[in-house]
Amino acid sequence: MFMARRQRMAAVAVIAACALAAPRARAQSASERKWEVEGHGGFAASTTPDGGTAAPLPLGAPYTLFQSRYEPSWLFGDGAALLNSVNTVLSPRTKITPLDAVIGSAAASRGSGAAAGVRVTRRFGSRYSAEFNVDYARTPVQFTRNALDGIEASRSSFITAFRGLFGSGPSRNPNVTANATITEGTGGELLTTGVFGFDLVKGGKLIPFVVGGGGIAHSTGSWPVAALVGNYAFPIGSLPGIDETDRVTIRVAPRENAPVGVFGAGVRYAASRRWGIRGDVRFLAGGGTNDVTIDASPSSVISEPGVILVTPPNPSAVFSSSRFFAPSLSAPAISGLRTFTASGFAIRTNIAAGVYVRF
């Protein structure tokens with residue numbers, strides 16, 4: 001009888017101990033949820049560094065037969081200078097606006113747009129954490145307003161400069177055309193970063209925090225391209241006359257991969273032990289530079305019999321449809337000439353909000 005009573009009392013004690021231990025086990029299980037996985041979206045914007053160095057543009061080779069020079073284009077550098085010196089005498093009111101200011105500067109900038117990403121977090125102690133982030137920001141590189149204005153000024157002045165020049169002598173109604181085709185960039189940046197976090201308060205549901213770290217910004221998509229094509233053509237009496245074409249392509253070349261530093265702050269709200277909401281602002285400093293390259297490929301139509309026109313000033317400009325005498329616009333083609341090397345770094349601002357799950 002006594003033994004039965006002792007067994008019943010022991011059973012009650014075990015049940016009570018288990019009941020008291022259950023909350024502790026649940027609390028311990030919750031405290032052991034050290035990992036978080038988050039999906040987030042938001043907005044990204046970037047500054048554009050405008051520092052850099054413009055490369056010297058090539059000088060035209062001397063024309064041995066006439067006091068002139070062989071040029072790859074009339075639209076920039078020595079070719080524009082030669083044409084404008086000729087027009088100073090023959091058509092003072094019409095000058096070409098060279099592309100030098102466009103191709104010798106930071107001609108493009110990165111736009112702003114939507115961003116999204118994922119984040120994996122490991123918590124240490126009551127305040128510390130380490131995060132790995134992969135974010136994609138749809139922020140394509142595009143020509144600046146100044147660059148577009150400069151391209152248009154060169155295109156339109158090509159027409160007025162050659163109409164003025166040829167209208168002063170060989171042709172009262174020359175056929176002069178110039179077209180600019182602008183292809184803006186697509187894509188954005190893939191940002192892979194790792195940061196350490198520190199909670200500014202130790203407990204509660206609403207916890208502000210700060211982060212710092214680094215990573216890599218990888219540019220994706222295509223880059224801006226501007227293609228300018230100018231042509232002048234006119235007969236000389238009953239002869240086919242002159243027909244020459246000036247082609248220049250401007251390309252923007254971002255650095256595809258660049259290291260970045262990361263710093264930021266935010267707040268998270270623990271909706272329960274298993275999930276919560278987080279919002280933050282992060283700044284990424286580094287990269288973001290855009291170099292500029294050009295291509296130039298002049299051409300002329302050969303006719304029989306050929307015609308040669310040499311302007312009076314010294315140096316002169318030579319226009320030709322003869323197979324025996326090349327025109328001034330006949331220097332070897334240029335491909336991938338780097339005219340501007342950018343320097344400095346961009347500051348990217350990423351604003352994001354997301355939901356995280358703890359496990």
> When the residues of the range 262-294 are filtered to those that are under 18 Å from Gly194 (Cβ atoms) and of a type outside the set (A, V, I, L, M, F, W, C), which remaining residue is modelled with the lowest pLDDT?
Replying inline: Gly287
>> Out of the residues in the range 172-200 meeting the condition of being in contact with a helix residue (DSSP H, G or I) (Cβ under 9 Å, 6 or more places away or on another chain) and touching a residue at least 60 places away in the same chain (Cβ under 8 Å), tell me which one is farthest from Val134 (Cα to Cα).
In response: Asn173
>> I need the strands (runs of 3 or more DSSP E) fully contained in the range 79-145, keeping only those with at least 3 residues that are more than 33 Å from the chain's Cα centre (by Cα).
In response: 113-124
>> I need the full set of residues from the range 82-102 which are small (Gly, Ala, Ser) and either crowded, with 20+ Cβ neighbours inside 10 Å or over 25 Å from Val292 (Cα atoms) (or both), in order please.
In response: Ser85, Ser91
> In the range 161-212, what count of residues is obtained for those that are out of contact with any Lys or Arg (no Cβ under 9 Å at 6 or more places or on another chain) and in a helix (DSSP H, G or I)?
Replying inline: 4
>> Go through (1) within 24 Å of Ile151 (Cβ to Cβ); (2) in a loop (DSSP other than H, G, I, E, B) for Arg323 and report which single condition fails.
In response: (1)
> For the range 46-69, which residues satisfy the criterion of being farther than 30 Å from Ala137 by Cβ, out of contact with any helix residue (DSSP H, G or I) (no Cβ under 8 Å at 6 or more places or on another chain), surrounded by fewer than 16 Cβ atoms within 10 Å (Cβ to Cβ) and not small (Gly, Ala, Ser)?
Replying inline: Pro56, Pro62, Thr64, Leu65, Gln67
> Counting just the residues of the range 176-234 that are of a type in the set (D, E, K, R) and either within 17 Å of the chain's Cα centre (by Cα) or exposed (fewer than 14 other Cβ atoms within 10 Å of the Cβ) (or both), which one comes out nearest to Gly286 (Cα to Cα)?
Replying inline: Glu189
> If we scan the range 224-245, do we find a residue that is touching a strand residue (DSSP E or B) at 6+ places or on another chain (Cβ under 6 Å) and at positive phi?
Replying inline: yes
> Which condition breaks for Leu75 when tested against (1) assigned to a loop (DSSP other than H, G, I, E, B); (2) out of contact with any strand residue (DSSP E or B) (no Cβ under 6 Å at 6 or more places or on another chain)?
Replying inline: (2)
>> Please pick out the residue among Pro305, Pro332 that is closer than 25 Å to Gly167 by Cα, out of contact with any Pro (no Cβ under 6 Å at 6 or more places or on another chain) and touching a residue at least 60 places away in the same chain (Cβ under 8 Å).
In response: Pro305
>> List pairs: first residue in the range 78-90 and without any contact (Cβ under 8 Å) to a residue 60 or more places away in the chain, second residue among the aromatic types (Phe, Trp, Tyr) and surrounded by 21 or more Cβ atoms within 10 Å (Cβ to Cβ) anywhere in the structure, Cβ distance under 7 angstrom, at least six positions apart or on different chains.
In response: Ala80/Trp74
> Going by the conditions given, is Val248 touching a residue at least 24 places away in the same chain (Cβ under 8 Å), under 30 Å from Thr183 (Cβ atoms) and in contact with a strand residue (DSSP E or B) (Cβ under 6 Å, 6 or more places away or on another chain)?
Replying inline: yes
> Only one of (1) over 30 Å from Asp295 (Cα atoms); (2) modelled with pLDDT of 95 or more is not met by Asn146, so which one is it?
Replying inline: (1)
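The values are calculated or read from the model by the stated rules, or taken from the named source; none is laboratory data. Bear in mind the structure is a predicted one, so any value in this text is a computation, not a measurement. With ideal geometry, Cβ positions are generated from the backbone for all residues, glycine too; neighbour counts draw on all protein chains shown.
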